[in-house]
Amino acid sequence: VKESDDSLKREILQPISMPIEGVAGFTSAWSSQFPEIDMEKCNGCLLCWIFCPEALITREDRSIDLRYCKGCGVCARECPVHAIEMKREGAE
Ligand code: SF4
Ligand code: SF4
């Protein structure tokens, strides 16, 4: 029973849409800044996962599929402990 509960939970917790490559290619081609998560600060609240409009952040480990990131900074804005920093493309 527990296994089916887990799989039901997984199904319910899927984003409504998933990122795909558009006609202009990957979004990261025109994005000028990208998020970087400091896992030392991250408390696992998952607000970034909930708010990312592109559903790019992985719930399990907070990895971000930067190929589709548009650099909107919503994840960084919503992070309650300021664990996400937006980095300019090409910056150290
Ligand atoms: S910058 Fe925007 S698109 Fe990129 S991961 Fe954060 S919320 Fe998602
Ligand atoms: S919003 Fe911030 S603290 Fe919460 S999971 Fe994301 S990076 Fe971690």
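Here are the numbers for the structure shown:
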item	result
In order through the range 19-28: 3J(HN,Hα) via Karplus (6.51 cos²θ - 1.76 cosθ + 1.60), integer Hz, x for Gly, Pro	x, 9, 6, x, 5, 8, x, 6, 4, 5
Peptide ranges 48-55, 33-40, 69-76, 17-24 listed from the most packed, as the mean C-beta count within 10 angstrom indicates	69-76, 48-55, 33-40, 17-24
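All of the numbers you see were taken from the coordinates with simple rules; none came from a lab. Please read these numbers as outputs of a predicted model, since none were measured by experiment. Note: ideal-geometry Cβ built from the backbone for every residue, glycine included; neighbour counts use all protein chains shown.
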